Amino acid sequence: MGRKITILGMGGTAVERRIDIAAHCEGSEIWSLNNAYMVFPSLREQHAFARMYELHRWDYLRAWKPGIMPDGREIDHWRELDLLACDVWTMETLPIVARQHRLPAAEIAAHFGATRGVWYNLGSPSLMLAHAIYEHDTGQTVDEIRSWGIDTEDESHRQQRSSWAWWTSKADDRGIKLTGSALAYHDEYENDEGLRGFRAHVRTLLAQEQPQEK
């Protein structure tokens, strides 16, 4: 039996489930990112996060404002990450976070063919997905990767969709089950008028080719 992992972002498909988000992640390691502890306070209070990923550059993070606490205080991002008491994966060393680990980015890139020019990554979620697949390939077998909130619909994250799609295909190649909203982009609207209906047509053809039960 391999691992089950939920990659939890902060897009709509996660936010609409935040009241009972634990139920949607049940039985899996919860990997989230950045300041998601603000969006999912129940997971923070239960120490339910298995991992957090804070992969932004230090020079960016020094000026970044993660938000305001209910009492009006500015959030201390490093303190909040440390209080989660989970592993925090980073690109650069962060202040005060006790359980931080450097993402083996070069090893992951080489493993997936960067030396042949085929490494492709945009956005933290894709790096998290690549990390999960890398661990699968190197002995920590993963049976299922679920995701919520990796929707790449807003303007600042839409560019990351093609990268996320590329990495889900790598997971599928390995027989890793993809659930939740991980493959929601499959239902994206077809802008090419001449190809609208093609996917439905293919599904019909595939259904016709299935052997009939006797």
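Points worth noting:
- Within the stretch 101-119, none of the residues are in contact with a Ser or Thr (Cβ under 9 Å, 6 or more places away or on another chain), of a type in the set (D, E, K, R), surrounded by 14 or more Cβ atoms within 10 Å (Cβ to Cβ) and modelled with pLDDT of 95 or more.
- The stretch 9-38, residues that are closer than 17 Å to residue 66 by Cβ, of a type in the set (A, V, I, L, M) and buried (at least 20 other Cβ atoms within 10 Å of the Cβ): 10, 33, 36
- Qualifying residue in the stretch 128-139 (condition: of a type in the set (Ser, Thr, Tyr), buried (at least 16 other Cβ atoms within 10 Å of the Cβ), in a helix (DSSP H, G or I) and touching a Gly at 6+ places or on another chain (Cβ under 9 Å)): no
- Restricting attention to the stretch 189-214 and to residues that are of a type in the set (D, E, K, R) and loosely packed, with under 11 Cβ neighbours inside 10 Å, the residue that is modelled with the lowest pLDDT turns out to be 214.
- Scanning the stretch 6-44 for residues that are in a strand (DSSP E or B) and β-branched (Val, Ile, Thr) returns 6, 7, 30.
- Considering residues of the stretch 40-77 that are of a type in the set (Lys, Arg) and touching a strand residue (DSSP E or B) at 6+ places or on another chain (Cβ under 9 Å) only, the residue surrounded by the most Cβ atoms within 10 Å (Cβ to Cβ): 51
- Of all residues in the stretch 53-66, at least one satisfies being under 19 Å from the mean Cα position of the chain (by Cα), on the phi < 0 side of the Ramachandran plot and in a strand (DSSP E or B).
The values are calculated or read from the model by the stated rules, or taken from the named source; none is laboratory data. Keep in mind the model is a prediction, meaning the values are calculated, not measured. Heads up, the Cβs are rebuilt from the backbone with ideal geometry, glycines too, and the neighbour counts pull from every protein chain shown.
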